[in-house]
Amino acid sequence: MAGRKKVSIPAYLWEALQFLKPPERMTVSEWAEKYRVLDPKSSAMPGPWNNSVTPYLVGVMDEFNNYETWKIVFVKSTQIGGTEALQNAVGYAVSQDPAPAMIVYPTETLAKSVSENRLQPMLHTSDILAKKFDENNSSLLELQFDGMYLTLAGSNSPSGLASKPIRYLFLDEVDKYPGASGKEADPVKLAIERTKTFHNKKIYITSTPTLKTGHIWKEKEEADIEKHYFVPCPHCGEYIEFRFKNIRFPDDESMGYADRAEFAVYVCQECGCIITDNAKHGMLKRGEWRVVRRNTKYARNVAFWINTLYSPFVRWADIIKEFLLTKDDPDSFQNFVNSWLAEPWEDTKLKTSAELVMDRQTEVPQFVVPSWAKMLTAGVDVQENSLYWTIRAWGDYLTSQNIAHGQALSFAEIDVVMNTEYKTEKKEPIIVNLCLIDSGDQTDTVYDFCAMHTDYALPAKGSSHAQLSHYKLSKINKADSRAYGMTLVLVDGGKYKDMIAGRMRRENGRGSWMVYSGCDMEYAEQVTSEHKVNVKGSGGTKQVWQPKHSHADNHYLDAEVYATAAADILGVRTLHLSGQEVPNRVAEPEDNSQPEEQWIKTHEKWI
């Protein structure tokens, strides 16, 4: 067999052929392990990237290679590696599949700092990236490469988020971004708009959570699937999640915090065996991401969640020591909940749950009015395609019980429900005294209905004006409405939700908020679908009622708010006074119009 003849290729031709060479077939994590080098300026462990140090990042990084996924959400504690995963994805894009890219940081100042101290050092320490980096034509906020550019922007600079088509979008620490305002759009949505023209776009969003209303937690809740990292117990082999409540430590308060923390161990929730810090690394290497929630069969939006317990750099003792040092200081403890447990902060005593509602069941069945009741009120929440209604019985000292609720398809059905003669436990007849109907949707229809049924119905509207005690009686001033001049009830929903939540937590009996025997779970979930959380605004931090998760139905809760406001209007707070009679309807508000206006109202055909 004749020997092969070697042919030398000119350098200019060899360089040209390199552009025709296809990229290597590898994942982001494989690329990082082969080409990424951590520099001593920004890393405590300088040298070649090693996936075995933080194995949980492999699944997050390799989601970039899933062609079906276009958005990756990473909810994490601090110092878990989220930013490093971001930089590995950037390096992979530059090296393997170049296209326009953008990284958005909370501020433009931070963007410049990261460019100078983290991104550019990464480009210089990796040979393959250094060859593609055009440093001479780059600036701090725009890095140029062969076949692509990388823009760095601050979320506080809307102009930096606009006008550029982007295929790769990276949003770092989004919970530190400003919210939408009247003048500027939400920076997250504004940035995502830049990816519209790319069918193969990739969006990576990462942050430590702050509140449930923050960017990252909303993204997690809206994701198609949610994944958590499961690791095998070294004793029983069962795959478990690391949870803070399973860390055990001495409760001897005579010991110092540091001493108590040093005895901390993790107890497996499956077998009860003790897991020490030494076993953690081996567990992490054999761990895997598992789906814990799925909203759709075809996932385009994937969320990952992980806390500090998984960090190979943090001991059980470190976690417990931080917990003990911060648990008595709300501000410090919020940082522990956010930055260590990767959970949103809730600072409220007004927490409710569907299980709590089910515990409020009495022995009185549906449609039967308890013997202690003195009046019935109702509330209706108006939706586009249906009407949610509820009827509540009231007695002395704000004692109440839901006797019925449901969903109607028309106002004609509402009329039947409200005029039905209900029976007490002693078989005595009783009807609804007053019903408040939400007029925020289908306003004209609601006004017309209430005008035709003034014996029991009044239109209502949500309001949060500071001057309102709980409700205020106003008037409908829509001249062309049949309900012109009729009473309109302005209701402060937040105050009534406080009242409902507080009464719900009482044991059944006097002053409690109760439900009938056999109450359904859908009602229980809707009436507890909101919770009160801290929201930071320009005027400081305040507590407001917010849905517990995205798209939560709260129709029965709104209906109960109106039923409670109706009871307030009828004087429910003074029912316990002897001789108190329940009025059939509310009195008209005081007419403060001028004499000529009053004459016009009473002489409609004067023209």
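Things to note:
- Qualifying positions in the range 186-231 - surrounded by 19 or more Cβ atoms within 10 Å (Cβ to Cβ), over 21 Å from the mean Cα position of the chain (by Cα) and farther than 24 Å from A101 by Cα: V231
- Members of the range 474-507 that are closer than 26 Å to H405 by Cα and in contact with a helix residue (DSSP H, G or I) (Cβ under 8 Å, 6 or more places away or on another chain): V489, V491, G493, Y496, K497, M499, I500, R503, M504, R505
- Of S29, S43, S77, all but one fail to be of a type in the set (S, T, N, Q) and out of contact with any helix residue (DSSP H, G or I) (no Cβ under 6 Å at 6 or more places or on another chain); the exception is S43.
- Being surrounded by fewer than 18 Cβ atoms within 10 Å (Cβ to Cβ), at pLDDT below 95, closer than 24 Å to Y397 by Cβ and not hydroxyl-bearing (S, T, Y) is a property that G440 lacks.
- Restricting the range 7-38 to residues that are charged (D, E, K, R) and at pLDDT below 85, the residue that is farthest from K132 (Cα to Cα): R25
- Taking each residue of the range 338-364 that is at pLDDT 95 or above and looking for partners that are exposed (fewer than 15 other Cβ atoms within 10 Å of the Cβ) with beta-carbon atoms closer than 7 Å, six or more apart or interchain, yields Q361/S517; T362/S517; E363/S517; V364/E425; V364/S517.
- Between V572, V586, V561, V544, the distinction of being of a type in the set (V, I, T) and at pLDDT below 80 belongs to V586 only.
- Criterion (closer than 25 Å to T352 by Cβ, at pLDDT below 85 and loosely packed, with under 14 Cβ neighbours inside 10 Å) met by exactly one of S517, S538, S464: S464
- Y456 being surrounded by 19 or more Cβ atoms within 10 Å (Cβ to Cβ) and aromatic (F, W, Y): yes
- Among the residues of this structure, A378 does not count as one that is without any contact (Cβ under 8 Å) to a residue 60 or more places away in the chain and in contact with a helix residue (DSSP H, G or I) (Cβ under 6 Å, 6 or more places away or on another chain).
- Tabulated pairs, the range 268-281, first among the small types (G, A, S), second surrounded by 15 or more Cβ atoms within 10 Å (Cβ to Cβ), C-beta under 8 angstrom, 6+ apart or interchain: A279/P234
- Yes/no for V382 being surrounded by 17 or more Cβ atoms within 10 Å (Cβ to Cβ), of a type outside the set (G, A, S) and under 30 Å from the mean Cα position of the chain (by Cα): yes
The values are calculated or read from the model by the stated rules, or taken from the named source; none is laboratory data. What you see is a predicted model; the values in this text were computed from it and never measured. Cβ: placed from backbone, ideal geometry, glycine included. Neighbour counts: every protein chain shown.
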